[in-house]
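See below for the structure under consideration.
The values are calculated or read from the model by the stated rules, or taken from the named source; none is laboratory data. Predicted model only: the values in this text are computed from it and were never measured. No Cβ is skipped: glycine too gets one built from the backbone with ideal geometry, and neighbour counts run over all protein chains shown.
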Amino acid sequence: MLSPGKYVFREISLEIRPGKTFGLMGLSGEGKSTLGRVIAGLEKPTAGSIYYNCLPLSGMKKTEHAAFRRRVQIMFQDPMDAFNPRKKIGHSVSEVLTLLKVPKVKHTLKTEEMIITAGLPKEVLSRYPSQLSGGQLQRLALGRILLLSPEYIILDEPTSALDVSVQAHILHMLRKAQAERNTGYLLISHDESVIRFMSDSCGVLENGQLKLID
Amino acid sequence: MKAHFTKTLLEVRDLEVSFKGIKTITALSGISFSIGESETLALVGETGCGKSVVAHAIVRLLPPESRVKGIVELVGKSLLELSEKEIAKIRGKEIGIVFQNPSLALNPVYSIGHQLAEPLRVHRKEKKKEAISKAATVLKNMGFVNVAEWISYYPSWCSGGMNQRFLIAASTMLDPILLIADEPGKGLDRKCITELEIELKKLKGEKKTAMLLISHDLGFVQRLADRVAVMYAGEVVELAESSIFFERPLHPYSKGLLNSLPENGFVPIPGFSPPLSDPPSGCKFHPRCSLRKKSCTERHPELKEIDERSVRCFLYP
């Protein structure tokens, strides 16, 4: 909890470019996730602005904001949080397609395409989240995000809950998706080796300040 | 493969755990290992391979729909045959447990001091004031300053790393002979992991506590464990001394795990672990193994001893 007048971070300036990855490191509690949520438009900054294609978020019309929310997606640390535990995976994926106004007849085709992107067998669609491993769910979470064709993805510790071999899978899947779709990433991680492997540029959030590093 | 340490503390033999549901799922089969006095054995493997089930089976914290077979002995005492009352006395006193998520393992409505004093009050029937004062001394010995302040804090006021240190303090308050640490570093940042590592090393060095360390962080395991047991789809596929294992793993799955490390370029193992409800025939790793032969798909390999290590693979007859 912060006292009045205190800040989590201040005077932060960074750019995320299409097809590139900006890596954000820092210790727990430094505000990495908060910064990710602010950039994704889920929290409002006390001061300063987030610009998307030169438009400030605060000055966007409702339709522009809706487009922004679709184009800038966020992927969380725990994939269990990304799926409704009481619905089968197929249903959770279909929900996104309904939101995208994809005709019902095309849902099966689109869902199967997504499953191929995620590198998983079709059977997972008839399973509940609790019946899948963390790695499979994180692949599905990413696959579902990619259905929205986002321009940017905020990756908030996408592999920190996963073991080493599954981590390697997800990182390769992210790199492949970026190469094919020119997606820009903000990768938040406390693991320097993950940041070095994935990022074109990176910085450390420390004592409320962002220090860019080579 | 027996522990090289003087006296066996924990002996697990042919442990099998299944869960009864619409279909019976075998989560563990033929798990055998031992832990010597003051030895640290690490269990490593992918999520869902059954590492935590082993830990929960040892302290009998599995849900009622589970069926546990085999032998689990702590200094010759068969834990699976004890009454609920008897095993409750062992949990927390002779076997300390550090669970994965400190924010779930600590009670959010009680202060840190209250929770640290609990083992002393439950097992030694000490008075609250005395128990809290002892808890404060333990924190002081762990290197905490402003102890009076810390014990009045609530878990939500503290960082994940700090809460994990409190959990270790609570779990080792009664000097257990064995500490089970189930993914103690999960979700913690580097600084917290370093703090945690120092704490566990202190326990090993000063109190000579034996440990069953469950972790997917292989670097952490390398720095702390004396021996490593690799698990895949509910069974141990390799068991070796830590230094030997990290220098020259034998099982193709163990090799794959080490190749996934950052220093080896994050090379993933192709495919996924099989669901425990429908494991493949023969060797459970064969669908993902680049070295598989016909026999791997037909016969299930036994865990065999080779040069002071054990491996479950037909490549090593």
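Where the second residue is among the hydroxyl-bearing types (S, T, Y) and outside any strand (DSSP E or B) and the first is in contact (Cβ under 8 Å) with a residue 12 or more places away in the chain and lies in the range A:21-34, which pairs have Cβ atoms under 8 Å and are six or more apart or on separate chains?
Listed by first residue and then by second, the contacts come to A:T21/A:S199; A:F22/A:S199; A:G23/A:S189; A:G23/A:S199; A:L24/A:S189; A:M25/A:S189; A:S28/B:S159.
To keep it simple, each residue is scored yes or no on (1) at pLDDT below 95; (2) within 14 Å of chain A (Cβ to nearest Cβ).
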| site | (1), (2) |
| --- | --- |
| B:T6 | yes, no |
| B:S18 | no, no |
| B:T26 | yes, no |
| B:E37 | yes, no |
| B:L43 | no, yes |
| B:G48 | yes, yes |
| B:V54 | no, no |
| B:A57 | no, no |
| B:P63 | yes, yes |
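Would you point out the residue of the range B:242-276, among those that are in a helix (DSSP H, G or I) and among the charged types (D, E, K, R), that is modelled with the lowest pLDDT? Don't jump to the end; show me each part of the working.
Step one: of the range B:242-276, the residues in a helix (DSSP H, G or I) are B:242-247, B:252-259, B:262-264.
If we keep only those that are among the charged types (D, E, K, R) as well, we get B:247, B:255, B:263.
Values: B:E247: 95, B:K255: 96, B:E263: 88.
My answer is B:E263.
Go through the range B:266-317 and report how many residues are closer than 20 Å to B:D14 by Cβ and of a type in the set (S, T, Y).
So in the range B:266-317, the residues closer than 20 Å to B:D14 by Cβ come out as B:276, B:279, B:283-284, B:299-305, B:309-313.
Those still in the list that are of a type in the set (S, T, Y) too: B:310.
The number of residues fulfilling the criteria is 1.
For the range A:48-124, which helices (runs of 4 or more DSSP H) that fit wholly inside it have 1 or more residues that are farther than 30 Å from B:S273 by Cβ and in contact (Cβ under 8 Å) with a residue 24 or more places away in the chain? So that I can check it myself, show each step before the final result.
On the way: elements: A:62-71, A:89-99, A:107-118.
Per the criteria, A:62-71.
Does any residue in the range A:171-195 that is more than 14 Å from chain B (Cβ to nearest Cβ) come within less than 6 Å, Cβ to Cβ, of a residue that is of a type outside the set (V, I, T) and assigned to a loop (DSSP other than H, G, I, E, B) six or more places away or on a different chain, and which pairs are these?
As it stands, the answer is A:N182/A:P18; A:N182/A:G19; A:G184/A:R17; A:G184/A:P18; A:G184/A:K20, since those pairs meet every condition given.
Could you tell me whether the range A:153-164 includes any residue that is assigned to a helix (DSSP H, G or I), within 11 Å of another protein chain (Cβ to nearest Cβ) and not aromatic (F, W, Y)? Break it down into steps so the answer makes sense when it comes.
So the first thing to find is which residues in the range A:153-164 are assigned to a helix (DSSP H, G or I), and the list is A:164.
Checking the rest, the ones that are also within 11 Å of another protein chain (Cβ to nearest Cβ) come to A:164.
Among the residues that remain, those that are also not aromatic (F, W, Y) are: A:164.
Within the range A:153-164, one or more residues are assigned to a helix (DSSP H, G or I), within 11 Å of another protein chain (Cβ to nearest Cβ) and not aromatic (F, W, Y).
Has the range A:11-28 got any residue that is hydroxyl-bearing (S, T, Y) and either farther than 30 Å from B:G161 by Cβ or crowded, with 17+ Cβ neighbours inside 10 Å (or both)?
As a first pass, look at the range A:11-28 and keep what is hydroxyl-bearing (S, T, Y): A:13, A:21, A:28.
Retained after the next criterion (residues that are either farther than 30 Å from B:G161 by Cβ or crowded, with 17+ Cβ neighbours inside 10 Å (or both)): A:21, A:28.
Yes - at least one qualifying residue is present in the range A:11-28.
Kindly indicate whether any position in the range B:241-257 is touching a helix residue (DSSP H, G or I) at 6+ places or on another chain (Cβ under 9 Å) and β-branched (V, I, T).
Looking through the range B:241-257, none of the residues is touching a helix residue (DSSP H, G or I) at 6+ places or on another chain (Cβ under 9 Å) and β-branched (V, I, T).
Can we say A:F22 is of a type in the set (F, W, Y), farther than 26 Å from A:Q136 by Cα and not in a loop (DSSP other than H, G, I, E, B)?
Details: of a type in the set (F, W, Y): yes; farther than 26 Å from A:Q136 by Cα: no; not in a loop (DSSP other than H, G, I, E, B): yes.
No: the conditions fail for A:F22.
List, please: which pairs have Cβ atoms under 7 Å, are six or more places apart or on different chains, and start with a residue in the range B:265-283 that is over 15 Å from B:V237 (Cα atoms) and at the interface with chain A (Cβ under 10 Å from one of its Cβ atoms) and end with one that is β-branched (V, I, T) and buried (at least 16 other Cβ atoms within 10 Å of the Cβ)?
B:S277/B:I25
Between A:Q167, A:Q209, A:Q136, which is more than 11 Å from A:T21 (Cβ to Cβ), touching a Ser or Thr at 6+ places or on another chain (Cβ under 6 Å) and not hydroxyl-bearing (S, T, Y)?
Values: A:Q209 fails: touching a Ser or Thr at 6+ places or on another chain (Cβ under 6 Å); A:Q136 fails: touching a Ser or Thr at 6+ places or on another chain (Cβ under 6 Å).
Result of the check over A:Q167, A:Q209, A:Q136: A:Q167.
Conditions first: (1) of a type outside the set (K, R); (2) within 24 Å of B:F33 (Cα to Cα); (3) out of contact with any helix residue (DSSP H, G or I) (no Cβ under 8 Å at 6 or more places or on another chain). B:G96 passes all but one, so which condition is the exception?
Result: B:G96 passes all but (3).
Are any residues in the range B:277-301 in a loop (DSSP other than H, G, I, E, B) and either of a type in the set (G, A, S) or within 23 Å of the chain's Cα centre (by Cα) (or both), and if so, which ones? Write out each step before concluding.
Initial filter on the range B:277-301 (in a loop (DSSP other than H, G, I, E, B)): B:277-285, B:289-293, B:299-301.
Answer for the range B:277-301, where residues must be in a loop (DSSP other than H, G, I, E, B) and either of a type in the set (G, A, S) or within 23 Å of the chain's Cα centre (by Cα) (or both): B:S277, B:S281, B:G282, B:K284, B:F285, B:S290.
Here's a check for you: in the range A:22-38, which residue that is under 21 Å from A:A177 (Cα atoms) and more than 14 Å from chain B (Cβ to nearest Cβ) is modelled with the highest pLDDT? Show your work before the answer.
Step one: list which residues in the range A:22-38 are under 21 Å from A:A177 (Cα atoms), which gives A:22-24, A:36.
Imposing the further condition that a residue be more than 14 Å from chain B (Cβ to nearest Cβ) reduces the set to A:22, A:36.
On the way: A:F22: 98, A:G36: 94.
Top of the filtered list is A:F22.
Which one is surrounded by the fewest Cβ atoms within 10 Å (Cβ to Cβ), of the residues in the range B:45-83 that are in contact with a helix residue (DSSP H, G or I) (Cβ under 6 Å, 6 or more places away or on another chain) and part of a strand (DSSP E or B)?
So the residue we want is B:V68.
Just checking, which of A:G208, A:G135 is of a type outside the set (A, V, I, L, M) and more than 13 Å from every other protein chain (Cβ to nearest Cβ)? Even if it seems obvious, please write down each step before you answer.
Numbers: A:G135 fails: more than 13 Å from every other protein chain (Cβ to nearest Cβ).
After ruling out the rest, the residue left standing is A:G208.
From the list B:L239, B:L218, B:L212, B:L196, which residue is within 14 Å of chain A (Cβ to nearest Cβ), surrounded by 16 or more Cβ atoms within 10 Å (Cβ to Cβ) and modelled with pLDDT of 90 or more?
On the way: B:L239 fails: within 14 Å of chain A (Cβ to nearest Cβ); B:L212 fails: within 14 Å of chain A (Cβ to nearest Cβ); B:L196 fails: modelled with pLDDT of 90 or more.
None of the others qualify; the one that does is B:L218.
Given the options B:I180, B:I198, B:I193, name the one that is under 22 Å from A:D156 (Cβ atoms) and hydrophobic (A, V, I, L, M, F, W, C). Outline the logic, then answer.
On the way: B:I180 fails: under 22 Å from A:D156 (Cβ atoms); B:I198 fails: under 22 Å from A:D156 (Cβ atoms).
Going through B:I180, B:I198, B:I193 in turn, the sole match is B:I193.
Just to be sure, is B:S152 under 21 Å from B:Y110 (Cβ atoms), at pLDDT 90 or above and among the polar types (S, T, N, Q)? I'd like the intermediate steps shown before the answer.
Values: under 21 Å from B:Y110 (Cβ atoms): yes; at pLDDT 90 or above: yes; among the polar types (S, T, N, Q): yes.
When the stated conditions are applied, B:S152 passes them.
In the range B:142-151, is there at least one residue being surrounded by fewer than 21 Cβ atoms within 10 Å (Cβ to Cβ), more than 25 Å from A:H190 (Cα to Cα), within 14 Å of chain A (Cβ to nearest Cβ) and not aliphatic (A, V, I, L, M)?
no
Filtering the range B:173-187 down to residues that are buried (at least 22 other Cβ atoms within 10 Å of the Cβ) and within 17 Å of the chain's Cα centre (by Cα), which residue is nearest to B:I58 (Cα to Cα)? Before you say what the answer is, go through the steps one by one.
Of all residues in the range B:173-187, those buried (at least 22 other Cβ atoms within 10 Å of the Cβ) come to B:173, B:176, B:178-181, B:183-185.
Within this subset, residues satisfying the condition of being within 17 Å of the chain's Cα centre (by Cα) are B:176, B:178-181, B:183-185.
Working: B:P176: 14, B:L178: 11, B:L179: 11, B:I180: 9, B:A181: 12, B:E183: 16, B:P184: 17, B:G185: 21 Å.
Ranking the qualifying residues of the range B:173-187, first place goes to B:I180.
Can you confirm whether the range B:251-262 contains a residue that is among the hydrophobic types (A, V, I, L, M, F, W, C), farther than 30 Å from B:I25 by Cα, more than 12 Å from every other protein chain (Cβ to nearest Cβ) and crowded, with 16+ Cβ neighbours inside 10 Å?
So far as the range B:251-262 goes, no, none of its residues is among the hydrophobic types (A, V, I, L, M, F, W, C), farther than 30 Å from B:I25 by Cα, more than 12 Å from every other protein chain (Cβ to nearest Cβ) and crowded, with 16+ Cβ neighbours inside 10 Å.
When you scan the range B:153-170, do you find a residue that is more than 27 Å from B:T24 (Cβ to Cβ) and among the charged types (D, E, K, R), even just one? Don't jump to the end; show me each part of the working.
Going through the range B:153-170, the residues more than 27 Å from B:T24 (Cβ to Cβ) turn out to be B:153-170.
This time we only want the ones that are among the charged types (D, E, K, R), so: B:165.
The answer is yes, given that some residue of the range B:153-170 is more than 27 Å from B:T24 (Cβ to Cβ) and among the charged types (D, E, K, R).
Does any residue of the range B:144-152 turn out to be of a type outside the set (K, R) and more than 30 Å from A:E206 (Cα to Cα)? Before the answer, list the steps.
The initial filter retains those residues of the range B:144-152 that are of a type outside the set (K, R), namely B:144-152.
Those left that are additionally more than 30 Å from A:E206 (Cα to Cα): none.
No, the conditions are met nowhere in the range B:144-152.
Of the residues A:I188, A:I195, which single one is farther than 17 Å from A:D78 by Cβ, of a type in the set (V, I, T) and at pLDDT 90 or above? Give the derivation first.
Numbers: A:I188 fails: farther than 17 Å from A:D78 by Cβ.
Only one candidate qualifies: A:I195.
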